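Scroll down for the structure; my scribbles are underneath it.
No value in this document is a laboratory result; all are computed from the given coordinates. These numbers come from a predicted model, not from an experiment. We place every Cβ from the backbone using ideal geometry, glycine too, and count neighbours over all the protein chains shown.
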């Protein structure tokens, strides 16, 4: 079965679950599996959090929109964007740095991760489940003022996957 057909079936299944008022962890992980092309290694939130707690050096790049980033982002993350991503934004980041790219659930960040790899970056990771999985795992996000419960959920249909935090749609 082709990748596109598989993704179509996954979304149809998820739509039916949502229509019935049911969302589950299994459905969420099935959806993620259908989204990822596995072109960039994944790092789970717990593993990243542990490494950051141990003071290991990681550069965190947020591949969402400026509006999403302004609502909240991972601590010390840098805005890199998706639609407006430019290679020039990478100046000053060593090619051998540990770089974690994330977005809402990991689709856009995987695409930006591919661009980083093509640009010669060697240690690029995609945050598994994106900011949703980070929050759902109990880790903090920040805005310009500090820690916040708010998370931009992209749209109401994507918002069903955020189990913790305060959903922001605009």
Cα axis of helix 3-19 to longest principal axis of the chain: angle in degrees, 0 to 90, nearest 10? 60
Could you give the distance between the Cα centres of the range 103-170 and the range 61-86, to the whole Å? 9
Where does the Debye-calculated log10 I(q)/I(0) of the range 70-125 sit at q = 0.12, 0.15, 0.19, 0.23 Å⁻¹, using only Cα point scatterers of equal weight, no solvent? -0.25, -0.40, -0.65, -0.98
Using the 10 angstrom Cβ neighbour count as an exposure proxy, how do 135, 93, 80, 43 rank, fewest first? 93, 43, 135, 80
With angles folded into 0 to 90 degrees, how steeply does helix 25-35 sit against the dominant principal axis of the chain? Use alpha carbons for both and round to 10. 60
Based on Cα positions only, what radius of gyration and what Dmax would you give for the range 24-69, in angstroms? 13.6, 34
Quick one: helix 107-118 against the long Cα principal axis of the chain, what's the angle to the nearest 10°, folded into 0 to 90? 30
What fraction of the Cα pairs in the range 38-168, stated in percent, has a spacing above 25 angstrom? 17
Fewest first, what order do 109, 65, 24, 137 take by the number of other Cβ atoms within 10 Å? 24, 137, 65, 109
Exposure proxy order (Cβ contacts within 10 Å, fewest to most) of 127, 52, 162: 52, 162, 127
